[in-house]
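Chemist: For reference, the structure I am asking about is given below.
The values are calculated or read from the model by the stated rules, or taken from the named source; none is laboratory data. Note that this is a predicted model, so its numbers are computed, not measured. Cβ: placed from backbone, ideal geometry, glycine included. Neighbour counts: every protein chain shown. Surface accessibility is based on the protein's heavy atoms, side chains included, excluding ligands, DNA and RNA. Shrake-Rupley method; radii C 1.70, N 1.55, O 1.52, S 1.80 Å.
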Amino acid sequence: MGTRHENSGVWLMTYKTDLPVMLPVTPRSPEPFAGFKPKHIVIIAALVILGPSLAFAQVGAPILTPFAVLLDWMPLLLEGFIFNLVISVSAMALGTAVGAMLGLGQISLLRVTRGTSWFVTQFFRNAPWLVLLFFAMFLLPFEIKIFGLVVPLPDWFKAILGLSLPVMANVSEIVRGAVKSLPSGQWEAAESLAYSRQQTLWLIILPQCVKRMLPPWMNLYSILTMATVLASIVGVSEVMTLTAQALAAEGGRPELLAPFYGFVLLLFFAYCYPIARFTVWLEKKFAVIN
Amino acid sequence: MDLVFDWFRVLYDETGINLPFIYDGYDRNRMIDGFFTTIWLSVVCLFFSVIIGVIGAWLQGSSFKWTRRIVNGYIQLFRNTPPLVQLYFFYFAIGTVLPKVENDWGGQSPILGSFAWAAISLSFFAGAFNVEIFRSGIEAVPKSTVEAAEALGFSKLQIYRDITMPLAIRVVIPALNNNLVNLVKTTTLAYAIAVPEMLYEANQIWSDNVNVTEMMIFMLLAYFALVGVLVGGMNRWERAMKIPGFG
């Protein structure tokens with residue numbers, strides 16, 4: 001029997017034979033653009049955005065070219081994108097805080113705590129992000145009263161809550177997976193040195209887990225950032241909503257669609273691609289050799 | 001059956017818990033249609049994303065530098081941009097450029113509908129992950145096995161189809177299953193371009209009946225059950241396909 005890789009669930013095993021049927025599976029992290037230099041990427045991005053614009057530019061001379069229109073709207077779209085980032089960071093912070101507690105609950109010695117945490121984690125992990133977002137959007141009131149004090153709940157705040165639910169469940173699984181991936185010798189050694197369970201967890205187990213948790217956690221952040229556009233479906237005025245409004249304001253010219261949506265794609269790519277590269281680098285740096 | 005339906009109508013009258021997709025024939029049909037659209041969309045996307053994965057993994061092993069570059073570029077682009085924006089890009093940006101065809105009523109309609117675009121977009125999205133997954137499986141096939149096949153006179157395509165893939169596919173099933181589960185959850189995005197899948201139909205029903213709470217809770221439970229059944233089935237399949245003596 002072998003052990004399972006924590007992220008992909010692929011079986012890893014070691015054996016001794018000269019002609020193996022199969023080699024151990026090493027989960028691949030995506031390659032960079034094999035040999036692509038940043039200049040290549042800039043050229044391709046420019047082609048994607050400008051290409052359709054130029055093609056149409058020859059048709060209508062008196063009106064502004066699509067690229068000029070895009071340039072006009074760019075500050076607004078960038079503002080919207082920053083709002084996306086704010087949502088993603090807040091949801092990540094909230095989800096991590098609650099998820100870490102839930103994850104520790106999953107390794108609790110109390111059967112009830114363990115079972116409840118497991119169920120909550122599985123429930124929110126299995127539900128689609130969009131459904132959870134709808135859930136938070138429509139079922140939370142638009143304002144709450146605390147001791148006669150009316151606290152309004154704006155839609156972006158509800159979006160943060162809605163997005164932090166799946167983050168919470170995923171962080172919980174990351175924490176559990178990291179703790180489980182540590183060799184049991186660590187627990188036993190700590191016990192023989194008369195550490196209490198709480199001390200073992202805080203001083204020995206969790207510090208070692210941080211390294212293992214960081215790459216999947218960053219992956220999750222990248223996924224969350226890409227999920228923030230879902231908030232546009234429920235009416236939060238982030239970059240996707242603003243793009244649609246800008247397109248409507250320009251009279252819905254079909255030649256504008258490709259540059260505008262292409263620009264949004266590029267924004268997210270420019271933000272998420274470095275994170276992905278950094279995650280791969282971290283994974284290599286923190287790789288545990290057993 | 002009618003008795004059960006009537007019971008839910010009584011439940012509504014007595015307690016106010018409104019579940020029209022059970023007792024109302026029209027809403028029931030909408031919900032069933034939505035359910036099958038979700039399933040059908042998932043199956044179509046699964047099929048094409050696996051094909052993209054297999055072809056992409058094969059192309060990644062190509063000896064042409066630019067083939068490998070383009071495949072890697074595709075993977076990175078689709079992994080690092082939001083699937084919703086990809087969907088909008090396909091549906092609005094590319095969909096409007098394509099020629100229109102005359103429909104049955106003499107009007108102009110796009111050549112590809114929202115369902116087709118959702119299927120294309122989500123297939124490419126899931127396919128980007130599948131390429132990497134298949135690639136890891138192919139790398140697990142020892143070189144000696146491929147060399148043995150070469151010595152027996154297999155062509156390059158035959159080796160890939162008859163030797164490498166059957167071995168590789170078995171070891172990547174767990175990772176593939178994870179991706180499939182994600183794919184089923186991602187089909188909810190098709191809501192945004194009005195594909196009548198489960199979430200969209202639920203939205204229609206709660207708009208008509210003003211029972212957001214009940215529908216929302218039902219949606220959560222429905223997806224929980226759908227994914228749960230899927231994961232259970234996949235785990236069984238995973239065990240059945242296991243290479244004896246490996247893992």
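Chemist: Confirm whether residue B:148 is closer than 22 Å to residue B:83 by Cβ, among the hydrophobic types (A, V, I, L, M, F, W, C) and part of a helix (DSSP H, G or I).
Modeler: In short, no.
Chemist: For the range A:125-179, which positions are crowded, with 22+ Cβ neighbours inside 10 Å, free of Cβ contacts under 8 Å to residues at least 12 places away in the same chain and part of a helix (DSSP H, G or I)?
Modeler: Answer for the range A:125-179, where residues must be crowded, with 22+ Cβ neighbours inside 10 Å, free of Cβ contacts under 8 Å to residues at least 12 places away in the same chain and part of a helix (DSSP H, G or I): just A:131.
Chemist: If you don't mind, there's one more thing I want to ask. Look through B:243, B:217 and report the one residue that is β-branched (Val, Ile, Thr) and touching a residue at least 24 places away in the same chain (Cβ under 8 Å).
Modeler: On inspection, the qualifying residue turns out to be B:243.
Chemist: With respect to residue A:109, is the statement that it is in contact (Cβ under 8 Å) with a residue 24 or more places away in the chain and open to solvent by less than 10 Å² (accessible area, probe 1.4 Å) true?
Modeler: Spelling it out, it is not the case that residue A:109 is in contact (Cβ under 8 Å) with a residue 24 or more places away in the chain and open to solvent by less than 10 Å² (accessible area, probe 1.4 Å).
Chemist: Next question, about the same structure. Filter the range B:78-116 for residues that are modelled with pLDDT of 85 or more and among the hydroxyl-bearing types (Ser, Thr, Tyr); which is nearest to residue B:38 (Cα to Cα)?
Modeler: The qualifying residue nearest to residue B:38 (Cα to Cα) is B:114.
Chemist: Give all pairs with beta carbons closer than 7 Å in which a residue from the range B:141-161 that is within 14 Å of another protein chain (Cβ to nearest Cβ) meets a residue that is open to solvent by 50 Å² or more (accessible area, probe 1.4 Å); count only pairs at least 6 apart in sequence or on separate chains.
Modeler: Sorted first by the residue in the range B:141-161, then by its partner, the pairs are B:142/A:23; B:144/A:19.
Chemist: Give me the residue from the range A:112-124 that is among the β-branched types (Val, Ile, Thr) and either open to solvent by 10 Å² or more (accessible area, probe 1.4 Å) or more than 14 Å from chain B (Cβ to nearest Cβ) (or both) and, out of that set, nearest to residue B:219 (Cα to Cα).
Modeler: Restricting to residues being among the β-branched types (Val, Ile, Thr) and either open to solvent by 10 Å² or more (accessible area, probe 1.4 Å) or more than 14 Å from chain B (Cβ to nearest Cβ) (or both), the top hit is A:120.
Chemist: Also, I was wondering about something else. Got a sec? Which helices (runs of 4 or more DSSP H) wholly within the range B:1-67 have at least 3 residues that are of a type in the set (Phe, Trp, Tyr) and under 31 Å from the mean Cα position of the chain (by Cα)?
Modeler: B:25-60
Chemist: Shifting gears a bit: Can you tell me how many residues within the range B:9-49 are at pLDDT below 90, surrounded by 15 or more Cβ atoms within 10 Å (Cβ to Cβ) and among the aromatic types (Phe, Trp, Tyr)?
Modeler: Count: 3.
Chemist: May I pose another question? Condition (residue is among the hydrophobic types (A, V, I, L, M, F, W, C) and away from chain A (no Cβ under 14 Å)) applied to the range B:64-87: is it met by at least one residue?
Modeler: Within the range B:64-87, not a single residue is among the hydrophobic types (A, V, I, L, M, F, W, C) and away from chain A (no Cβ under 14 Å).
Chemist: Restricting to the range B:106-119, count the residues that are in a helix (DSSP H, G or I) and open to solvent by less than 50 Å² (accessible area, probe 1.4 Å).
Modeler: Number satisfying all stated conditions: 5.
Chemist: Something else now. Residues that are facing chain B (nearest Cβ under 8 Å): which helices (runs of 4 or more DSSP H) entirely in the range A:206-290 hold 3 or more of them?
Modeler: Filter on the range A:206-290 gives A:206-227, A:254-285.
Chemist: A follow-up question, please. Among the listed residues B:158, B:204, which satisfies the condition of being more than 21 Å from the chain's Cα centre (by Cα) and within 24 Å of residue B:44 (Cβ to Cβ)?
Modeler: The match here is B:204.
Chemist: Separate question: Any residue at all in the range A:81-99 that is touching a Lys or Arg at 6+ places or on another chain (Cβ under 7 Å) and open to solvent by less than 20 Å² (accessible area, probe 1.4 Å)?
Modeler: Looking through the range A:81-99, none of the residues is touching a Lys or Arg at 6+ places or on another chain (Cβ under 7 Å) and open to solvent by less than 20 Å² (accessible area, probe 1.4 Å).
Chemist: Say whether the condition of being part of a helix (DSSP H, G or I), touching a helix residue (DSSP H, G or I) at 6+ places or on another chain (Cβ under 6 Å) and free of Cβ contacts under 8 Å to residues at least 12 places away in the same chain is met by at least one residue in the range A:180-193.
Modeler: No, that holds for no residue.
Chemist: Another question, if that's okay. Taking residue A:239 and the conditions (1) modelled with pLDDT under 85; (2) crowded, with 18+ Cβ neighbours inside 10 Å, which numbered condition does it fall short on, given that it satisfies the others?
Modeler: Condition not satisfied by residue A:239: (1).
Chemist: While we're on this one: May I ask you to verify whether residue B:49 is out of contact with any His (no Cβ under 9 Å at 6 or more places or on another chain) and more than 24 Å from residue B:192 (Cα to Cα)?
Modeler: No.
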